[in-house]
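Taken together, the values in this text are just the output of simple stated rules run on the coordinates, not laboratory data. Note that the structure is a prediction, hence the values are computed from the model and not measured. Here Cβ is always computed from backbone atoms with ideal geometry, including for glycine, and neighbour counts include all displayed protein chains.
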Amino acid sequence: MSKSNYKRIPQYLLIEMAQKDNFEALEELLKRIQKDIFSVYSHICKKREIASDLTQEALVKIARNLEKLHDTKSFKSWANRIVMNIFYDFVRKDSKHETPVSIEEVENLEIKDTTQTEPMEKCLASELGCIIKNCILSLPINSRVAIVLREFEGMSYNDIAHITHTSVGTVKSRISRARVRLQEELGNYL
C-alpha cells in the first residue's frame with residue numbers, strides 16, 4: 001500500500017494497523033495528531049521550543065505505548081492523558097516555569113490567520129492574539145491547562161477531569177476562575 005493510501009484510512013483503523021507493527025500506519029497516525037498536540041502545548045507553554053520538545057516527547061511515548069491501548073474509541077482521551085502527564089512532569093522538573101513571560105517573547109510567537117484580511121486588520125488580529133496568549137500564559141498552570149483543553153480542544157469537563165486526575169467540580173472551578181481572570185485582563189481589548 002502506498003503512503004498516499006494511508007491518508008484515506010480512518011483513524012481507528014490506523015491505530016489497529018499500527019498496533020500490529022505497521023510502521024506506515026503509525027507514521028500517518030502520528031502526522032495526524034502532531035498538530036493538535038503542538039497546539040495544546042503552544043497554549044500552555046511559554047516558549048515555542050519547549051512546546052516542540054514536549055510534542056516530540058509525546059509522539060514518541062504514544063508510539064511506544066500504542067499497543068497498550070485496548071479501545072480505539074478512547075484514543076483521543078488516552079493520548080491527551082499522555083500529553084498532559086508529560087507536561088506535568090516537565091513542570092515538576094523545571095523550577096523556572098513560573099517566571100513572568102515578557103511581551104517580547106510573546107510577540108515572537110505566531111498566531112496564523114488563514115482568512116483574507118486587510119493589512120491593518122491582520123496587524124490588529126496578530127496583536128490581539130499575542131495579548132490573549134500572554135493572558136493565558138499568566139494563568140496558574142492548572143487553570144491554564146483546564147481552559148486550553150476546554151476552549152481550544154473542545155473537551156468535556158469529564159474528559160478534562162480524567163486527564164488531569166481531578167474531580168469535575170475542580171475542573172469547572174478552574175475554568176470558571178480562568179474565564180473571569182481572562183475577561184478582566186482582556187476587557188479593554190474586546
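No solvent, one uniform scatterer per C-alpha: report log10 I(q)/I(0) for region 8-96 via the Debye equation at q = 0.11, 0.19, 0.20 1/Å, two decimals.
-0.31, -0.83, -0.90
How many angstrom separate the Cα center of region 1-74 from the Cα center of region 126-190?
Taking the Cα centre of each part, region 1-74 and region 126-190 sit 25 Å apart.
Using mean Cβ contacts within 10 Å as the protection proxy, how do 21-30, 179-188 order, highest first?
Numbers: 21-30: 17.0, 179-188: 12.5.
The most tightly packed comes first, giving 21-30, 179-188.
May I ask you to list the trypsin sites (Lys or Arg not before Pro) in region 1-37 that are in a DSSP loop and have at most 12 other Cβ atoms within 10 Å of their Cβ?
On the way: sites: LYS3, LYS7, ARG8, LYS20, LYS31, ARG32, LYS35; in loops: LYS7, ARG8, LYS20.
Answer by residue number: LYS7, ARG8, LYS20.
Extension gain LEU128-ASP71, at 0.36 nm per residue separation less the Cα-Cα distance, in nm? Mind showing how you got there, number by number?
Details: separation 57, 0.36 × 57 = 20.52 nm, distance 4.06 nm.
Value of the extension gain: 16.5 nm.
Grab the Cα-Cα distance for GLU27 and ARG92, subtract it from 0.36 nm times how many residues apart they are, and report the gain in nm with one decimal. Numbers along the way, then the final one.
Values: separation 65, 0.36 × 65 = 23.40 nm, distance 3.02 nm.
Fully extending the segment from GLU27 to ARG92 adds 20.4 nm.
Which net charge results for the neighbourhood of ASP53, defined as the other residues with beta-carbon distances under 14 angstrom from its beta-carbon, given Lys and Arg at +1 and Asp and Glu at -1? Each step should come with its number before you reach the end.
On the way: positive: LYS46, LYS47, ARG48, LYS61, LYS93; negative: GLU49, GLU57, ASP89, ASP94.
Neighbourhood net charge equals +1.
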